[in-house]
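Colleague: Please see the structure below; I have some questions.
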Amino acid sequence: MSTDSGANPSTTHRLRPWQRFLHEIIFEADTRSGKAFDVALLVVILMSVTCALLESVAEISAEWGRLLRTAEWCFTILFTIEYVLRLLCVGRPRRYALSFFGLVDLLAIIPTYLSIFIAGSQSLIVIRSLRLVRVFRILKLPHFLAEADVLTQALRTTGKRTAVFLFIIMVVIVIMGTAMYVVEGNQPDTDFTSIPKGIYWAVVTMTTVGYGDITPTTHWGQTLAAVAMLLGYSIIIVPTGIFSAEFITARRAHISTQACEQCGKEGHDFDARYCKYCGSGL
C-alpha cells in the first residue's frame, strides 16, 4: 500500500477554493466537467498534430499554409493558457513542472514560439501526441495505468544495468571500428578512410541495420564483419532478457485515476492516503 506515514503536513500547501475548482476540472476525470475538459483537450491535441502533419506536405502548405499556421498559433495560445492554469491549481507547481507530463506540456508549446527564431521548428509540435497517453485516465482504464506503472518501474530498476551494458557495447564498437580501419584503411579506394568511419560501420553492422554504404573488400575485413554481425544478434538478446525478467517480477498494483493536488502526479494505489511522490495527503 502506497501510504506514506512520514508525510510532513507543514510542506503541504493548502489550496484555495478556486484552485480546488480548477484542479477538479483540469486534473480529475471522475467528474463530468473534468471528463469534458479532458475529452476537449484530446480533440484539440489531435487537431493540432493533424495541422502539423498537413503543413509538412508541400501541396497543402502552398494552398492552406497561412490558415494552418494561424490555427497552430491559436492552439499554442490555448495550450499555453492551459499550462499556466495547471501550475496555478497545484500546491507545488515546481514538482508538476518537473514531472513527466509537466515537461511534455511545456515541450508541447515551445516549438511554435521557437519557430519565430528557427524556421521549421514548429514541426516538433508532434511531441504533443505524447499527451494522448492521458486517454487511459480519461476513459477510466485503471488496468492500463497499472501496466504503465509496471513498465515505468521496470525501466527504472533496469536503468543502471542497461547503462553498464551500453557502455560495454560502446567500447566493443570502438574496438571493432578501429580494427576495421586497420584492416581496410590501407586499401586503394577504401571507404574506411578514418576511425570514425569505421565506428560508424560498426554501429550500423552490430545493430543489424546494414545500410551497405560502407563494406569491407578484403578477406580479413569480411571475416571481421561476420564476427560483428554475429555479435550484433547476440547483443540484442541481452537487454531484452534483462528488461523482460524485471518486467515479470515488477509489482502489479491497482491504480486509481486520482491526481495529487500538490504535485499533480497520478498512478496512486486505490487505497493510498498519501502521494507516493511528494507525501501529501490525497
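The values are calculated or read from the model by the stated rules, or taken from the named source; none is laboratory data. Note that the structure is predicted; figures quoted are calculated from it, not measured. Methodologically, a virtual Cβ is constructed for each residue, glycine included, from the backbone with ideal geometry; neighbour enumeration extends over all protein chains shown.
Colleague: Suppose we keep only residues that are of a type in the set (S, T, Y) and surrounded by 15 or more Cβ atoms within 10 Å (Cβ to Cβ) within the range 169-195. Which one would you say is nearest to D213 (Cα to Cα)? Steps first, please.
Modeller: Taking the range 169-195 first, the residues of a type in the set (S, T, Y) are 178, 181, 190, 193-194.
Those left that are additionally surrounded by 15 or more Cβ atoms within 10 Å (Cβ to Cβ): 178, 181, 190.
Values: T178: 18, Y181: 15, T190: 12 Å.
Among those residues, the one meeting the criterion is T190.
Colleague: Can you tell me which residue among V227, V209 is of a type outside the set (S, T, N, Q), surrounded by fewer than 17 Cβ atoms within 10 Å (Cβ to Cβ) and over 16 Å from V174 (Cα atoms)?
Modeller: Numbers: V227 fails: over 16 Å from V174 (Cα atoms).
Testing whether each residue is of a type outside the set (S, T, N, Q), surrounded by fewer than 17 Cβ atoms within 10 Å (Cβ to Cβ) and over 16 Å from V174 (Cα atoms) leaves just V209.
Colleague: Please tell me if F37 is buried (at least 17 other Cβ atoms within 10 Å of the Cβ), without any contact (Cβ under 8 Å) to a residue 40 or more places away in the chain and aromatic (F, W, Y).
Modeller: Numbers: buried (at least 17 other Cβ atoms within 10 Å of the Cβ): yes; without any contact (Cβ under 8 Å) to a residue 40 or more places away in the chain: yes; aromatic (F, W, Y): yes.
When the stated conditions are applied, F37 passes them.
Colleague: In the range 48-81, which residues are more than 19 Å from L114 (Cα to Cα) and charged (D, E, K, R)?
Modeller: E59, E63
Colleague: Exactly one of these conditions fails for E24: (1) farther than 30 Å from C275 by Cβ; (2) buried (at least 17 other Cβ atoms within 10 Å of the Cβ). Give me its number.
Modeller: Against the list (1) farther than 30 Å from C275 by Cβ; (2) buried (at least 17 other Cβ atoms within 10 Å of the Cβ), E24 comes up short only on (1).
Colleague: Let me ask you something else. Determine which member of the set R66, R32, R86 is in contact with an Asp or Glu (Cβ under 7 Å, 6 or more places away or on another chain) and among the charged types (D, E, K, R). Quick ask: steps written out before the conclusion?
Modeller: Numbers: R66 fails: in contact with an Asp or Glu (Cβ under 7 Å, 6 or more places away or on another chain); R32 fails: in contact with an Asp or Glu (Cβ under 7 Å, 6 or more places away or on another chain).
Testing whether each residue is in contact with an Asp or Glu (Cβ under 7 Å, 6 or more places away or on another chain) and among the charged types (D, E, K, R) leaves just R86.
Colleague: Considering only the range 131-153, I want to know if a residue exists there that is modelled with pLDDT of 75 or more and surrounded by 18 or more Cβ atoms within 10 Å (Cβ to Cβ).
Modeller: At the first step, the residues of the range 131-153 found to be modelled with pLDDT of 75 or more are 131.
Pick out the ones that are also surrounded by 18 or more Cβ atoms within 10 Å (Cβ to Cβ) and you get 131.
Within the range 131-153, one or more residues are modelled with pLDDT of 75 or more and surrounded by 18 or more Cβ atoms within 10 Å (Cβ to Cβ).
Colleague: What residue, among those in the range 40-64 that are closer than 21 Å to I109 by Cβ and not hydrophobic (A, V, I, L, M, F, W, C), is surrounded by the most Cβ atoms within 10 Å (Cβ to Cβ)?
Modeller: Keep residues of the range 40-64 that are closer than 21 Å to I109 by Cβ, which gives 40-56.
Now drop any that are not not hydrophobic (A, V, I, L, M, F, W, C), which leaves 48, 50, 55-56.
Details: S48: 24, T50: 12, E55: 20, S56: 14.
Per the stated criteria, the residue is S48.
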